[in-house]
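Everything on this sheet refers to the single structure shown next.
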Amino acid sequence: MATEHEHHDVRQQLRDVGLRVTAPRVAVLDVLERHPHSTADFVADQVRGRLGGVSTQTVYDVLRVSSERGLLRRIEPAGSPVRYERRTGDNHHHVVCRNCGVIRDVDCATGVAPCLAPDVDHGFVIDEAEVTYWGLCPVCHAAGAH
């Protein structure tokens, strides 16, 4: 369970981006703090377990608006459902296990964001690079997964 200090921080973060503090918003952010890279369905199940009758649509709405306001980052690894995380603003990347789907954060490979510079920018002012590394996690590798 989140401490009172953590709830205060979440409440202030919501206010800082112009959102009202509601129990579903606090619960969603708390779940994602504890379980980064979660799907919307996982978050909805966790929120309902804490608050009771919160609709899946309410959770989807909280995820959408929180992503739009910069409180959450939405990631979409190929072949995987959309995932959400609280870590935002640092242009980090992800490594995904091809076998079990576990996702872990990977810091920027080199230099300042964006980590990678394209050979041609086509006139774009680039401020972010998204890289997904794929492989086998230690557990799947040890089990001989392919």
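Based on Cα atoms of the range 42-128, Rg over Rh with Rh as the Kirkwood radius reads 1.05.
In whole angstrom, how long is each semi-axis of the equivalent ellipsoid of the chain, when you take the square root of 5 times every eigenvalue of its Cα gyration tensor and sort them from largest down? Kindly include the intermediate steps, with their values, before the conclusion.
Working: eigenvalues 163, 96, 36 Å².
For the chain, the semi-axes come out at 29, 22, 13 Å.
With protein chains left intact and a 1.4 Å probe, residues in the range 1-111 average 54 Å² of accessible area per residue. The apolar share of the surface of the range 14-146, taken as the fraction of accessible area on carbon and sulfur atoms (1.4 Å probe, ligands and nucleic acids excluded), comes to 51 percent.
The values are calculated or read from the model by the stated rules, or taken from the named source; none is laboratory data. Keep in mind it's a predicted model, so treat the numbers as computed, not measured. Ligands, DNA and RNA are stripped out before the accessible areas are found, and what is left, the full protein with its side chains, is counted by its heavy atoms. Shrake-Rupley method; radii C 1.70, N 1.55, O 1.52, S 1.80 Å.
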